[in-house]
Every structure is written in structure tokens, then in C-alpha cells.
């Protein structure tokens, strides 16, 4: 069995539609510059409120990706 190394980064995605869409936005945006994405864990959900109305959903996620071996 070979060893692996993973990096975990924290991201915040936003959406005017839902927390799910906010999380999806964060992962898909990160996927444009990071490779070997593995696990995304939602760590916090919150809302942006303006004038008593919800204007945005925010999902904070921890996203892991595998470091590529030099082999």
C-alpha cells in the first residue's frame, strides 16, 4: 500500500438560491485550479441579511485534495 498526502483548504461559497448551490459553487470554482479533489465537508452555514430579508446563502467548506506524487 502506498502512502498519500492530502491538503485541506477552507472555502466560502455564496449563492442567492441555496446553501447547496453555495457549496457547489465553492467546489466547482476550486476545481478550476486544484486537481485531485477528494472530500468536501460543510462546516458552517450562514445567511446574509439586508433590510430584514435574506439576500445570500453562504456555505463554508473544508475541501481536501491529494498531492501528486513526484514518481
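Nothing in this text is a laboratory measurement; each read-out follows from the coordinates by a stated rule. All of these numbers come straight from a predicted model, not from anything done at the bench. Here the Cβ positions follow ideal geometry from the backbone for every residue, glycine too, while neighbour counts run over all protein chains shown.
A few notes on this one:
- Subset of segment 40-71 (residues that are assigned to a strand (DSSP E or B) and either loosely packed, with under 10 Cβ neighbours inside 10 Å or over 13 Å from the mean Cα position of the chain (by Cα) (or both)): 46, 47, 48, 49, 50, 53, 54, 55, 56, 57, 66
- Residue match in segment 8-15 (condition: touching a residue at least 24 places away in the same chain (Cβ under 8 Å), assigned to a helix (DSSP H, G or I) and over 9 Å from residue 57 (Cβ atoms)): no
- The residues of segment 10-30 that are closer than 26 Å to residue 67 by Cα and surrounded by fewer than 13 Cβ atoms within 10 Å (Cβ to Cβ), listed by number, are 10, 28, 29.
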